[in-house]
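Take a look at the structure below.
Just so you know, all these numbers are worked out from the coordinates, no wet-lab data involved. As the structure is a prediction and not an experimental result, all values here were calculated from the model. As a convention, Cβ positions derive from the backbone with ideal geometry for all residues, glycine included, and neighbour counts pool all protein chains shown.
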Amino acid sequence: MDERAAAVAAHEISARVPLYRTIADTVIRDIRKGRYLEGTRLPASRDLARALEVNRATVHQALQLLKREGWVETNKGGGTRVARRSATTPVLAPAPLWDRLSSSLLSRITAEPQPEPAPSSAFDLSRLAPDEREFPAAAFAELLSEAARDGSLLAYGSPFGYRPLRETLAERLGRRGIPTDPDSILIVNGAQQGLDLITRALVDPGDGVAVEEPSYSGALALFRAHRARVLGVPLDEEGPSLAGWARALRERPKFFYTIPDFQNPTGLLTTAARRADLARTAAESGTLLVEDAFDADLGVEGDLPLPLAALAPSHVVHLGTLSKALFPGVRVGWIAGPREFVHRLAALKRVGELTSPPVLQAALHLFLVRGAYDQHLTRMRNRLRPRLALAQRIIRASFPLGTTCEKPLGGYVLWARLPAGVSGLALAQAAREKGVLVSPGSIFSTEQEDLAAVRISVSRGTGPEIEKALEIVGAAARSLARAAARRTAPSRSVEENLIQI
């Protein structure tokens, strides 16, 4: 080892780092910089000890450490040499500088706020995932076993998906008035992948994408990751505001992402009249509508209005999924739309993942055609109807005066608008500390601002469990409302004094 390396080693010795570790790190740096090549013999331990002015036993410890980490090897009578790297020998070195290597897309995604891990003891009113205790797992397992006996379903399939499933989906969509056929349907791994494919196919950095305000947090994160200009369209009691939609159209958006059936996060059902207005305007302006119907199977009162895809089929891409009503872990959804566009999406999907698992699609096809899915939906709706009514009643009774919450006609969620001055983020944090999880309104805001609202999901748990959890959240909300009133009280007193003067 030369004098410079010895000086560096001596400089780096500190009380906090073992001396032998410092010596080993110095040798590693010399190997990386090419001062010692593979197979090169290192100086004898006696010479290293003399050069570094340390005990020979310390040098021996450093060499043993280097050997354990794979940097050197010893041969009887051959001294210590730099190890020869091979395909079976791992190269031990610090991890790459990921911030420098990462693409701008990955950097934007990882910069998104990440949800805190849920405590195992917490009751979850935040997730839009059905309760595992209600899964028809045994029935599906039998169909999956039956499908898997067909060896062809364990091979690669078409990127479009299992054709019998597409035929069945086309027939079911037709019942809702959507004119489609199997060749205009693309099977995807859930509606989220479908939205990602559509966004990748259409959106370049700086392009406008119109969304409802508030909207699904996963969609907002996706659009931000693609550097889209997110154009908020406020909701009114009938659906997306026509005035807001007109303003967004002036920005020439690539598409308008909308959830007309039991909107996430508000639970709003867009009226038939408003759907007709949106469809007509989209057709007149040549703008694409992306209709997310992820919750359309979970209506509990009355019939749904016609989908947008039934009103303007050439200007609507329709997203659907079985994940929310059936099994979230069985990622099967679909895109139905104009055939030319669906075929382009299939080409994009092929580049990313070749195909979706045919055996899962075949099992779900059997689950649909044999009536098991419709029977499961009946059970789900019968459970969901009283939960929604119960949740609305407890919110009105337990939350502070000034809270508003409409009972949805289906879906899993209720949107509790809090009194002015009550932070949705603060309520979510306070509820979490009491063992209940709710979703703050901020994650659904296009500007990520702290809305005075929280989203409540009743997808999980029994009625008594939901009631107890909501009473806890309500107590926390009342406490925050009292604190907000105390903050504003002095300013009101000043105003009253001024009026009296």
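Near residue 381: Cβ cut-off under 11 Å, other residues only, Lys/Arg at +1 and Asp/Glu at -1. The net charge is +1. On full extension, the segment bounded by residue 447 and residue 339 gains 35.4 nm, given 0.36 nm per residue less the C-alpha separation. Taking amide H atoms as placed 1.01 Å from N in the peptide plane, the amide H of residue 231 lies under 5 Å from those of 209, 210, 211, each 5 or more residues away in sequence or on another chain. Remark: the Cα gyration tensor places the range 107-232 in the oblate category, a/c being 1.5 or greater and a/b not exceeding b/c. Dividing the alpha-carbon radius of gyration of the chain by the rule-of-thumb value 2.2 N^0.38 Å gives 1.31.
For the peptides 254-267, 135-148, the ranking by packing is 254-267, 135-148, with the highest mean count of neighbouring Cβ atoms within 10 Å listed first.
Between residue 80 and 42, the built amide H atoms are under 5 Å apart, and every one of these is 5 or more places off in sequence or on another chain. The residue among 240, 20, 221 whose Cα reaches farthest toward the positive pole of the charge dipole of the chain, with charges on the beta-carbon of Lys, Arg, Asp and Glu, is 20. The simple spin-label model puts a point 7 Å past each Cα toward its Cβ; for residue 407 and residue 247 those points are separated by 3.4 nm. With an a/c value of 1.5 or above and a/b not larger than b/c for the gyration tensor axes a ≥ b ≥ c computed over the alpha-carbon atoms, the range 128-176 is described as oblate. Axis angle, to the nearest 10 degrees, between helix 339-353 and the longest C-alpha principal axis of the chain: 30 degrees. Note on the range 134-374: Kirkwood hydrodynamic radius from all Cα pairs is 18.3 Å, rounded to one decimal.
How charged is the neighbourhood of residue 285? Take every other residue with its Cβ under 15 Å from the Cβ of residue 285, and add Lys/Arg as +1 and Asp/Glu as -1. Here the count lands on +2.
Put a plus charge on the Cβ of each Lys and Arg, a minus charge on the Cβ of each Asp and Glu, and nothing anywhere else: the dipole of the chain about its Cα centre is then about 1600 debye.
Return the FRET efficiency for the residue pair residue 482, residue 132: r is the Cβ-Cβ distance, R0 is 45 Å, and the value is rounded to the nearest 0.05.
About 0.75, to the nearest 0.05.
Label point of residue 68 set 7 angstrom out along Cα-Cβ; within the range 21-56, amide nitrogens under 14 Å from it belong to 21-22, 24-25.
Given a Förster distance of 41 angstrom, what is the FRET efficiency for residue 200 paired with residue 379, based on the Cβ-Cβ distance and rounded to 0.05? Calculated transfer efficiency: 0.65. Relative to the longest principal axis of the Cα atoms of the chain, the long axis of helix 358-369 makes an angle of roughly 20 degrees. Between 317, 361, 266, the Cα set farthest toward the positive side of the dipole of the chain (charges on each charged residue's Cβ, about the Cα centre) is that of 361. About its Cα centre, the dipole of the range 134-374 is roughly 800 debye, where the only charges are +1 on Lys and Arg Cβ and -1 on Asp and Glu Cβ. Kirkwood analysis of the Cα pair distances in the range 383-500 returns a hydrodynamic radius of 14.9 Å.
For residue 410, the residues whose modelled amide H falls within less than 5 Å of its own, excluding neighbours fewer than 5 places apart on the same chain, are 300.
Could you tell me which residue out of 439, 463, 395 lies farthest along the dipole of the range 383-500 toward its positive end? Charges go on the beta carbon: Lys and Arg +1, Asp and Glu -1, centred on the Cα centre. So the residue furthest toward the plus end is 463. A simple rule links phi to the HN-Hα coupling: the Karplus curve 6.51 cos²θ - 1.76 cosθ + 1.60 with θ = phi - 60°, which for the range 460-476 gives 10, x, 8, x, x, 5, 5, 4, 4, 5, 5, 5, 5, 5, x, 5, 5 Hz, with x for Gly and Pro.
Computed from Cα atoms, the angle from the helix 19-32 axis to the main principal axis of the chain rounds to 80 degrees. Could you list the residues of the range 425-443 with an amide nitrogen less than 17 Å from a label point located 7 Å from the Cα of residue 121 in the Cα-to-C-beta direction? 430-437, by backbone N distance to the label point. Each peptide among 277-289, 37-49, 159-171 gets the average number of other Cβ atoms lying within 10 Å of its residues, and from highest to lowest they stand as 159-171, 277-289, 37-49. Taking Lys and Arg as +1 and Asp and Glu as -1, the other residues whose beta-carbon sits under 15 Å from that of residue 476 total +3.
Here r is the Cβ-Cβ distance between residue 283 and residue 107 and R0 is 45 Å; the resulting FRET efficiency, rounded to 0.05, is 0.70. Measure up 324/349; 324/434; 254/324 against 25 Å on the Cα-Cα distance and list the ones that go over. Cα-Cα > 25 Å for 324/434; 254/324; rest within. Estimated purely from DSSP H runs of n ≥ 4, each contributing -39500 (n - 2.57), the mean residue ellipticity at 222 nm for the chain is -14500 deg cm²/dmol once divided by its residues.
Here the peptides 239-248, 333-342 are ranked by packing, the mean other Cβ count within 10 Å, and the order with the highest first is 333-342, 239-248.
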